[in-house]
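Heads up: the structure comes next, in structure tokens.
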Amino acid sequence: MTPSRAVEAFARRHHYRPYEALPWVAAVASYFVFPDYLALGAQILATILFALSADLVLGYAGIVTLGHAAFFGTGAYVAGILAAHGWGEPITGLLAGAVAAAVLGFLSGLVVLRTTGLALLMQTLVVATMVAEAANKASFITGGDDGLQGMEVWPIFGRFRFDLFGHTSYLYCLSALFLCWLAVRRMVHSPFGRSLTGIRENVRRMHAIGAPVARRRLIIYIISAALAGISGGLIAQTTQFVSLSFLSLERSGTVLIMLIIGGVGRLYGAFIGVPLYMVAQNRFSEIDPVYWYFWIGLLMVFIVVFARGGVLGLFDQFQR
Amino acid sequence: MGDTLSAAFSVAFHGLAFAMVLYLISVGLSVTMGLMGFVNLAHGVFAMAGGYVLTSLMNRFAVPFVPALLGAAVVVALASFPIERLLYRRLYGGEELDQVLLTMGLVFISVAGATYVWGPLQQPLLPPLWLSGAVDLGIDSFPAYRSFLILCGAALVTALWLGIERTRFGIRLRASVDNLRMAQSVGIDTSRLFMTTFALGSGLAGLGGGLGADLLAINPGYALQNLAYFLIVVAVGGLGSIRGPFVAALLLGVADSGFKYLLPEFGAFFIYALTMAILLWRPRGLFGRA
């Protein structure tokens, strides 16, 4: 390959491909095909954003975190508390949630990202547990164990009311997800995004070529936290409820699972894993919520033993 | 003044009892993580299993306390063999994320399995007559069961440390933790060593889970609820260390009971802050090797 062709091949990665429209076609089609499931659909869309944010730290920067729910929950609580105390404007509520989560990401990232491996895993877990503990103790404002109630979300742009059937919620979450996805896609293909992959694959070499590794890791951590905050805010506003489970270790764990079912570090893993997981959960939980845990646990073991790379990884194997 | 003193003794006593339980459960985790480099989030499952075996043997089959306790340790140790051989071994030296996934999966299965077999409610531990009531230790009177817990824990810790220092198995284990490749080159069968160590650690966890059933309540969510405690002990103590987790468990146990006494509102908060501070100061833990 001559240099110019290599550059061209590299540049072609940025171009949109036809299959990238698939999730969006599917999402818009679902709006018309499953009008009875729009509430669930909105939750799925918001959770895809959460998984996408986790993919940025885990799949691109290679930071294994057990505390991503801290940012999700922070965004949800900030948006929720604003709505419960007289500021129900949804878009500024979301942004406030994103900013709060980003600030938490910055502060905790300063501490957490100084370590690697198990210590880092522990630190993320500890941060999330501290945030959950703080939310639990501040029950005068968060509602503690009972959850945050009495949220009143105003219509979007003062026009589109949140209806009982979830029409507005669905389109609201879809638009938010689409905008965030555009930004994320652009970022991971930018030099900044490529350098993250470099850090994941070979930290020493990145240090050797003079890349500011610590700063880049912190920046992606903050961005990811902000996206997780938006996702939490979306769920809070569309379900009008926030509880301590938003901050739980279980939530941090399940987002990893959803992401891994789809495939890590591929940008589209979230779009496959989250709907699969949540639709299955919805079906199985109707039968019995406890056995859902059994099956999902078994599935995780299965993925690790037989299907590393998730659904998208299986596609790769078939292509070869 | 007398009040302060007796409060201090009470805090130390309950902290010590909690520390013993934490240590028995976590020491196996420390060795698994340090020796095999395996992030084992499912370690609490073995402790929970120990608790369930103990309470079932006692409550359903009327087995006396001591044999039931030994039974719990043996059953858990035996059950850990196939799990190590079939699942864990595949991922030694593998990616952290895969290990996290596999063990989280096991935790979820354990939650569902325990609910299926024993129901969602907490399993009561009814100590035998000779361990109920209180004993007078001169300064104050303390619950007999917890005194037994401390004695039992101290005996086990001594036995464990002697075993590690004095037996052939202990020598091999220490050699492998220090330098795995070198240990393999001098002919230590590390695969078998891993298996035995894993079973031993799981058995101890089962014992700890059983003994500590009145401190860490036995219910289906056990492995998830207490995961942070076990991981803190291991991370603060230092991976692969046998003594580090003991110091960490003592710190955590006494701090936990102290904060519960002084600042019941914010106890957990300080413990997590302390953990973060220690890990920042020494990312490999207090006794971890650089």
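The values are calculated or read from the model by the stated rules, or taken from the named source; none is laboratory data. The structure presented is a predicted model; accordingly, all values stated were derived computationally and were not measured. With ideal geometry, Cβ positions are generated from the backbone for all residues, glycine too; neighbour counts draw on all protein chains shown. Accessible surface is based on the protein model in full, side chains and every heavy atom, while ligands, DNA and RNA are left aside. Shrake-Rupley method; radii C 1.70, N 1.55, O 1.52, S 1.80 Å.
Listed values, structure above:
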{"quantity": "Part-to-part distance (alpha-carbon centres) for segment A:216-266 and segment B:160-202, which is given in Å", "calculated": "41"}
{"quantity": "Computed lengthening from B:Phe81 to B:Leu151, 0.36 nm per intervening residue step minus Cα-Cα distance", "calculated": "22.3 nm"}
{"quantity": "Helix-only [θ]222 nm of chain A, DSSP H runs n ≥ 4, -39500 (n - 2.57) each, per residue, nearest 500", "calculated": "-24000 deg cm²/dmol"}
{"quantity": "Unit charges at the beta carbon, dipole of segment B:2-281: most positive-side option, B:Leu86, B:Cys152, B:Ser110", "calculated": "B:Leu86"}
{"quantity": "Candidates B:Ser185, B:Ser257, B:Ser26: whichever shows maximal mean-square fluctuation once chain B is modelled as a Gaussian network with Cα springs under 10 Å", "calculated": "B:Ser185"}
{"quantity": "Highest-MSF residue in chain A out of A:Gly229, A:Gly273, A:Gly86 [GNM, Cα springs under 10 Å]", "calculated": "A:Gly86"}
{"quantity": "Where chymotrypsin sites (Phe, Trp or Tyr not before Pro) fall in DSSP loop in segment B:1-90, at most 10 other Cβ within 10 Å", "calculated": "B:Phe61"}
{"quantity": "Residues with amide H under 5 Å from that of A:Val242, placed H, sequence gap 5 or more", "calculated": "A:Leu148"}
{"quantity": "Separation between Cα centres of segment B:227-280 and segment B:99-117, rounded to whole Å", "calculated": "25"}
{"quantity": "Complex-versus-alone comparison for segment B:261-278, residues with a loss of 50 Å² or more in accessible area, probe 1.4 Å", "calculated": "B:Phe269, B:Tyr272, B:Met276"}
{"quantity": "Net charge dipole size for the protein assembly as shown [Lys, Arg +1 and Asp, Glu -1 on Cβ; Debye, nearest 20]", "calculated": "2340"}
{"quantity": "Probe 1.4 Å, accessible area per residue of segment A:21-246, Å²", "calculated": "41"}
{"quantity": "Fraction of alpha-carbon pairs over 39 Å apart in the protein assembly as shown - percent", "calculated": "32"}
{"quantity": "Cα gyration tensor, segment B:149-238 - rounded (a/c under 1.5), prolate or oblate", "calculated": "prolate"}
{"quantity": "Positive dipole terminus of segment A:21-246, leading residue within A:Gln149, A:Ala138, A:Met206 (C-beta point charges)", "calculated": "A:Met206"}
{"quantity": "Crossing angle, helix B:65-86 versus chain B [Cα axis fit, 0-90 degrees, rounded to tens]", "calculated": "30"}
{"quantity": "Length-normalised contact order for segment A:21-246 - Cα pairs under 8 Å, 6+ apart - percent", "calculated": "42"}
{"quantity": "Cα shape, segment A:99-222, gyration tensor, a/c 1.5 rule", "calculated": "oblate"}
{"quantity": "Charged-residue dipole, Cβ positions (Lys, Arg, Asp, Glu), chain B about Cα centre, Debye nearest 20", "calculated": "860"}
{"quantity": "Estimated buried accessible area (total), pair B and A, 1.4 Å, Å² to nearest 100", "calculated": "3600"}
{"quantity": "Most mobile listed residue (B:Gly253, B:Gly113, B:Gly237) in chain B, GNM with C-alpha springs under 10 Å", "calculated": "B:Gly113"}
{"quantity": "Relative contact order computed over segment B:2-281 (Cα-Cα under 8 Å; 6+ residues apart), in percent", "calculated": "41"}
{"quantity": "Computed label-point distance, nm, for sites B:Glu95 and B:Ser191 using a 7 Å Cα→Cβ extension", "calculated": "2.5"}
{"quantity": "Whole-Hz ³J(HN,Hα) from phi, Karplus 6.51 cos²θ - 1.76 cosθ + 1.60, for segment A:229-235, glycine and proline x", "calculated": "x, 4, 4, x, x, 4, 5"}
{"quantity": "Ratio of the Cα radius of gyration of segment B:2-281 to 2.2 N^0.38 Å, where N counts its residues", "calculated": "1.00"}
{"quantity": "Coil-residue chymotrypsin sites (Phe, Trp or Tyr not before Pro) of segment A:131-170, DSSP, other Cβ within 10 Å capped at 14", "calculated": "A:Phe157, A:Phe165"}
{"quantity": "Shielded by partner chains, segment A:124-149 residues - at least 30 Å² of accessible area, 1.4 Å probe, vs chain alone", "calculated": "A:Leu125, A:Val126, A:Thr129, A:Met130, A:Glu133, A:Lys137"}
{"quantity": "Cα gyration tensor of segment A:21-246 - equivalent ellipsoid semi-axes, whole Å, descending", "calculated": "31, 22, 13"}
{"quantity": "Accessible area of chain A belonging to carbon and sulfur atoms, whole % at 1.4 Å probe", "calculated": "65"}
{"quantity": "Qualifying trypsin sites (Lys or Arg not before Pro) in segment A:118-195, DSSP loop, other Cβ atoms within 10 Å at most 15", "calculated": "A:Arg159, A:Arg161"}
{"quantity": "Estimated vicinal HN-Hα couplings, Hz - segment B:31-43 in sequence order (Karplus 6.51, -1.76, 1.60; Gly, Pro = x)", "calculated": "5, 4, 5, x, 6, 9, x, 10, 7, 9, 7, 8, 4"}
{"quantity": "Size of charge dipole - chain A - debye, nearest 20, with Cβ of Lys, Arg +1 and Asp, Glu -1, no other charges", "calculated": "1580"}
{"quantity": "Virtual spin-label span in nm between B:Ser132 and B:Asn179, 7 Å along Cα→Cβ", "calculated": "5.7"}
{"quantity": "Spin-label model distance (nm) - A:Glu20 vs A:Leu110, 7 Å beyond Cα toward Cβ", "calculated": "3.6"}
